[in-house]
1. Can you find a residue in region 234-242 that is touching an Asp or Glu at 6+ places or on another chain (Cβ under 7 Å) and either modelled with pLDDT under 95 or within 26 Å of L78 (Cβ to Cβ) (or both)?
2. So, G228, is that one under 17 Å from G172 (Cα atoms) and in a loop (DSSP other than H, G, I, E, B) or not?
3. Step by step: first the residues of region 131-143, then only those that are in a strand (DSSP E or B) and in contact with a Leu (Cβ under 7 Å, 6 or more places away or on another chain), then the one that is surrounded by the most Cβ atoms within 10 Å (Cβ to Cβ). Which residue is that?
4. If you go through region 173-203, how many residues are more than 16 Å from S268 (Cβ to Cβ), in contact with a Lys or Arg (Cβ under 8 Å, 6 or more places away or on another chain) and open to solvent by 10 Å² or more (accessible area, probe 1.4 Å)?
5. Looking at region 190-206, I want the residues that are at negative phi and have a partner that is open to solvent by 10 Å² or more (accessible area, probe 1.4 Å) and among the polar types (S, T, N, Q) with Cβ atoms under 7 Å, at least 6 apart or on another chain. Which pairs are those?
6. Can you go through A151, A134 and tell me which one is closer than 27 Å to R254 by Cα, more than 17 Å from the chain's Cα centre (by Cα) and among the small types (G, A, S)?
7. Tell me which residues, restricted to region 69-102, are of a type in the set (D, E, K, R) and either under 18 Å from A122 (Cβ atoms) or in a strand (DSSP E or B) (or both).
8. I need a count of the residues in region 151-199 that are of a type outside the set (D, E) and in a loop (DSSP other than H, G, I, E, B).
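The values are calculated or read from the model by the stated rules, or taken from the named source; none is laboratory data. Given the structure is predicted, the values throughout are model-derived calculations rather than measurements. Don't worry about glycine lacking a Cβ; one is built from the backbone with ideal geometry, like all the others, and counts go over all protein chains shown. Ligands, DNA and RNA are stripped out before the accessible areas are found, and what is left, the full protein with its side chains, is counted by its heavy atoms. Shrake-Rupley method; radii C 1.70, N 1.55, O 1.52, S 1.80 Å.
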Amino acid sequence: MRSRVGHRPSRAAAAGATRSGIGARQALARITAAAALAVAGGLAMSACSGPPRAPPAHMAPHRGPGPVSPGPALLATLRGAAPRYPSPDGSAAGRVPATWFGARSTLPVIGTRPGWVQVRLAQRPNGSTAWVRASDVTLSTTAYSIVIDLATTHLTLYKDDLKVFSAPVGVGTRTDPTPTGQYFVAFFEAPPSPGYGAFIMVTSAHSQTISNWDGSGDAVVGIHGPLGSDQEIGTAGARISHGCIRMHEADLLRLLVVPPGSPIDIIS
């Protein structure tokens with residue numbers, strides 16, 4: 001569950017990916033792409049995975065379940081730590097940090113008013129939102145969104161309103177379930193060992209049964225490689241993790257195109 005990483009994806013990560021069965025040149029190119037998506041600075045996370053127990057798909061119309069909005073999603077990147085408000089023109093109630101674990105805060109916009117944007121937050125509790133002044137952020141868009149269906153144990157990637165691919169995944173057990181809700185991609189981080197795959201996609205979701213994994217002070221849900229559980233994931237998926245999402249290495253690599261801030265809906 002705990003990822004003890006203090007740097008962006010590197011040649012060491014590429015070497016680990018090579019040991020996982022990816023060609024060295026291909027792995028390095030993809031790790032470089034992940035580094036470009038991550039923000040400079042010390043990245044650290046606490047994910048909910050733990051040790052293991054015991055060609056592109058054709059584009060198709062989006063028919064998947066979940067509240068995925070069609071078309072590009074609006075994102076807000078903080079220019080610096082900004083005052084947060086429960087409502088526009090109200091009194092400030094704290095600040096939204098400019099970075100989280102050293103990565104720049106790029107947050108989904110879920111509401112707008114003249115001069116204001118409402119954003120999802122990466123910090124606990126799950127589902128936290130805030131209003132910030134539009135002058136405190138830089139706006140952009142993402143065409144990508146992810147739906148993780150805990151009932152079918154599958155992850156589906158969408159671009160605009162089209163399904164790019166769907167893949168079986170390992171999700172949390174009934175004791176340590178993956179939390180449902182609407183989240184987003186926070187940043188990418190290098191793996192602490194080859195079992196995690198070429199990279200870890202850190203999300204804004206937090207375990208609701210684990211509050212402090214391995215002394216990290218948090219338990220953040222990550223999307224990463226199989227941790228040796230390829231056979232358990234199989235073609236149907238399985239409930240095998242402490243809350244994180246485990247993927248076959250080849251499927252994980254296809255998520256490198258997804259930028260930070262992109263929505264993630266976890267449904268049951």
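1. yes
2. Yes; evaluated as a whole, the condition is true for this residue.
3. V137
4. The total comes to 2.
5. Partner pairs satisfying both residue conditions: A190/S10; P194/S20; A205/N126; H206/N126.
6. Numbers: A134 fails: closer than 27 Å to R254 by Cα.
So the residue among A151, A134 that is closer than 27 Å to R254 by Cα, more than 17 Å from the chain's Cα centre (by Cα) and among the small types (G, A, S) is A151.
7. R79, R84, R95
8. 17
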